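Q: For reference, the structure I am asking about is given below.
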Amino acid sequence: MFKELIEHPEVEEVVTLRGHELPPQQRIGFMAYHGGGLEEMTEIIAMQAAERSGTSYYGVHQPKGMERHIPSIEVSPESSTRLTRFIEHVHTVITIHGFGRQGYYSSLLLGGQHRNFAQHVGSHLRTHLPAYKVITDIDEIPKELRGLHPRNPVNLPPGTGVQIELPPRVRGTTPLFWDWEGPALPPHTESLINGLVSAVTTWHTT
């Protein structure tokens, strides 16, 4: 299914590798493989965070109106040379996802196997997004959103990573920001990106 998706003529599979000058264990990447029309703004957030922090990026961008959901465990390097290159280049990743669930409209969920990194990222997000609840306790995250499966792309690089589930509000896709004309991203989204950049640029100095 994933191979069919990335071969679709209107789907963009994007990879940008940065940090070649760094030791391999210090290379970080962002992913948004449910981007574009599916989980809106996730690719924008991940791409911006990667560019501003000088880290790598991998994304799958579906066109507007296309909402083909491929389960994370089916997003496999075996089906994509670009994803293979990304996974082989980075050591640790942050995957950006979007979700909407009653009771979690102002909550960010930080899953993935790298729990120390999750705590580190969470502390920076709390500083930049004080109006949101940033959940890093894995037991408080709904089981299906924890991102712990070994085949989940967040756990494929040598250092594994953090899966971040973002509600619509922080992605700027709710009525709160419908009249936002820019040119910058909505304030909550900008604060989110700033928090992500702060987290990854300080990770190897802590």
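The values are calculated or read from the model by the stated rules, or taken from the named source; none is laboratory data. Just so we're clear, the structure is a prediction, and the values are computed from it rather than from any experiment. As a convention, Cβ positions derive from the backbone with ideal geometry for all residues, glycine included, and neighbour counts pool all protein chains shown.
Q: Quick one: in the stretch 167-191, of everything that is in contact (Cβ under 8 Å) with a residue 40 or more places away in the chain and out of contact with any helix residue (DSSP H, G or I) (no Cβ under 8 Å at 6 or more places or on another chain), which residue is nearest to ILE135 (Cα to Cα)?
A: Of the residues in the stretch 167-191, the ones in contact (Cβ under 8 Å) with a residue 40 or more places away in the chain are 167-173, 185, 188-189, 191.
Imposing the further condition that a residue be out of contact with any helix residue (DSSP H, G or I) (no Cβ under 8 Å at 6 or more places or on another chain) reduces the set to 167-168, 173.
On the way: PRO167: 12, PRO168: 16, THR173: 21 Å.
Taking the candidates together, the pick is PRO167.
Q: Just for the stretch 92-115: of the residues that are touching a Lys or Arg at 6+ places or on another chain (Cβ under 8 Å) and surrounded by fewer than 21 Cβ atoms within 10 Å (Cβ to Cβ), which one is farthest from PHE2 (Cα to Cα)?
A: Result: SER106.
Q: Also: Give the number of residues within the stretch 70-87 that are under 18 Å from GLN113 (Cα atoms) and acidic (Asp, Glu).
A: Within the stretch 70-87, the subset under 18 Å from GLN113 (Cα atoms) is 71-76, 87.
So of that shortlist, the ones also acidic (Asp, Glu) come out as 74.
Residues flagged as under 18 Å from GLN113 (Cα atoms) and acidic (Asp, Glu) within the stretch 70-87 amount to 1.
Q: Considering only residues that are in contact with a strand residue (DSSP E or B) (Cβ under 9 Å, 6 or more places away or on another chain), of a type in the set (S, T, N, Q) and under 28 Å from VAL170 (Cβ atoms), which ones fall in the stretch 69-104?
A: If the condition is that a residue be in contact with a strand residue (DSSP E or B) (Cβ under 9 Å, 6 or more places away or on another chain), of a type in the set (S, T, N, Q) and under 28 Å from VAL170 (Cβ atoms), then SER72, THR92, THR95 are the ones that fit.
Q: Go through the stretch 106-200 and tell me which strands (runs of 3 or more DSSP E), entirely inside it, have 1 or more residues that are closer than 17 Å to ALA32 by Cα and at pLDDT below 95. Reasoning before the result, please.
A: Values: elements: 107-111, 133-135, 161-166.
Result: empty, no element qualifies.
Q: Same structure again: What's the number of the only condition in (1) in contact (Cβ under 8 Å) with a residue 60 or more places away in the chain; (2) assigned to a loop (DSSP other than H, G, I, E, B) that HIS69 fails to meet?
A: (1)
Q: May I pose another question? In this structure, is ALA184 over 21 Å from VAL60 (Cα atoms), crowded, with 20+ Cβ neighbours inside 10 Å and not hydroxyl-bearing (Ser, Thr, Tyr)?
A: On the way: over 21 Å from VAL60 (Cα atoms): yes; crowded, with 20+ Cβ neighbours inside 10 Å: no; not hydroxyl-bearing (Ser, Thr, Tyr): yes.
No; evaluated as a whole, the condition is false for this residue.
Q: Still on this model: Do we have VAL93 as touching a residue at least 12 places away in the same chain (Cβ under 8 Å), within 14 Å of GLN163 (Cα to Cα) and assigned to a strand (DSSP E or B) here? So that I can check it myself, show each step before the final result.
A: Working: touching a residue at least 12 places away in the same chain (Cβ under 8 Å): yes; within 14 Å of GLN163 (Cα to Cα): yes; assigned to a strand (DSSP E or B): yes.
When the stated conditions are applied, VAL93 passes them.
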